[in-house]
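Some notes on the structure that comes next.
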Amino acid sequence: MNIALPALFISFLLLPGILLSFAYRKGFWREKSPVTFGSFQAELGKGLLFSLLVHLPAIWLVPVVSSYSIDFEAVLWILQGSSSVNAAVIESIIEYPGQIIMYLLLTNGGAVLLGMWLHWAIRSFLLDLRVDFLRFNNPWFYTLSAESMFIEDKSLIDRDIIRQVKENVLVYAAVVVEQGGEPII
């Protein structure tokens with residue numbers, strides 16, 4: 001049994017979800033937040049969930065905007081990974097390489113743009129300060145940008161107040177780091 005082709009295929013299926021997750025956490029506005037990663041299993045789970053969010057509309061959209069359709073039998077044969085792969089499956093891959101590459105480029109590019117747009121929308125409408133589950137997993141960003149005070153007191157959330165606080169508040173951080181068994185401030 002050959003596992004290289006199914007592994008490659010699954011990687012291509014998961015890539016849009018991983019890209020969407022990364023672009024969502026990274027953003028693109030002037031205050032880019034550093035991305036924090038969870039465990040491999042958590043990142044893989046997010047990638048799988050977000051891949052479904054990308055592929056399901058794409059699968060519906062392909063026959064609507066083009067004359068092509070997705071051969072789900074070929075997809076199942078590839079995922080099965082048996083050594084007796086149907087000749088029609090190989091033929092469909094060889095016959096339409098441009099369409100397959102276009103699908104991958106559009107889903108991956110669309111995932112990055114969607115992630116960046118979601119990040120922009122959540123930051124622009126201050127939803128990460130108002131709703132806990134939309135908050136980015138980066139407490140240092142909120143602490144060093146003086147936004148942590150708005151998380152604690154949601155009644156203060158106003159664009160003008162946040163702008164004034166960011167302009168007038170100095171944030172000090174005391175960090176203790178251990179290097180070579182010796183703590184350093």
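The values are calculated or read from the model by the stated rules, or taken from the named source; none is laboratory data. Just so it is clear, the model here is predicted, and its values are computed rather than measured. Neighbour counts are summed over all protein chains in view; Cβ atoms, including those assigned to glycine, are modelled from backbone coordinates with ideal geometry. What goes into the accessible areas is simple: the full protein's heavy atoms, side chains included, and nothing from ligands, DNA or RNA. Shrake-Rupley method; radii C 1.70, N 1.55, O 1.52, S 1.80 Å.
Below are the figures for this structure:
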{"item": "Yes/no for Ser11 being modelled with pLDDT under 90, assigned to a helix (DSSP H, G or I), open to solvent by 40 Å² or more (accessible area, probe 1.4 Å) and not hydrophobic (A, V, I, L, M, F, W, C)", "result": "yes"}
{"item": "Residue identified as open to solvent by less than 70 Å² (accessible area, probe 1.4 Å), at pLDDT 80 or above and part of a helix (DSSP H, G or I) among Ile151, Ile101", "result": "Ile151"}
{"item": "Counted residues, the stretch 134-185 - those being of a type in the set (Val, Ile, Thr) and farther than 26 Å from Gly38 by Cα", "result": "8"}
{"item": "Condition check for Val75: of a type outside the set (Lys, Arg) and either open to solvent by 60 Å² or more (accessible area, probe 1.4 Å) or farther than 29 Å from Leu53 by Cβ (or both)", "result": "no"}
{"item": "Restricting the stretch 14-41 to residues that are over 18 Å from Leu52 (Cα atoms) and among the hydrophobic types (A, V, I, L, M, F, W, C), the residue that is modelled with the highest pLDDT", "result": "Phe40"}
{"item": "Search result, residues across the stretch 116-148 that are of a type in the set (Phe, Trp, Tyr), in contact (Cβ under 8 Å) with a residue 24 or more places away in the chain and not in a helix (DSSP H, G or I)", "result": "Phe136"}
{"item": "Neighbours by Cβ (under 6 Å, 6+ apart or cross-chain): first from the stretch 157-185, touching a residue at least 12 places away in the same chain (Cβ under 8 Å); second surrounded by 10 or more Cβ atoms within 10 Å (Cβ to Cβ)", "result": "Ile157/Leu126; Ile157/Leu129; Ile157/Phe150; Val165/Ala146; Lys166/Ala146; Val169/Ala146; Val171/Leu144; Val171/Ala146"}
{"item": "Search result, residues across the stretch 170-185 that are outside any loop (DSSP other than H, G, I, E, B) and open to solvent by 90 Å² or more (accessible area, probe 1.4 Å)", "result": "Glu178, Gln179, Glu182, Pro183"}
{"item": "Residue within the stretch 129-147 that is at pLDDT 80 or above, open to solvent by 70 Å² or more (accessible area, probe 1.4 Å) and among the aromatic types (Phe, Trp, Tyr) present", "result": "yes"}
{"item": "Glu167 in a strand (DSSP E or B) and open to solvent by 70 Å² or more (accessible area, probe 1.4 Å)", "result": "no"}
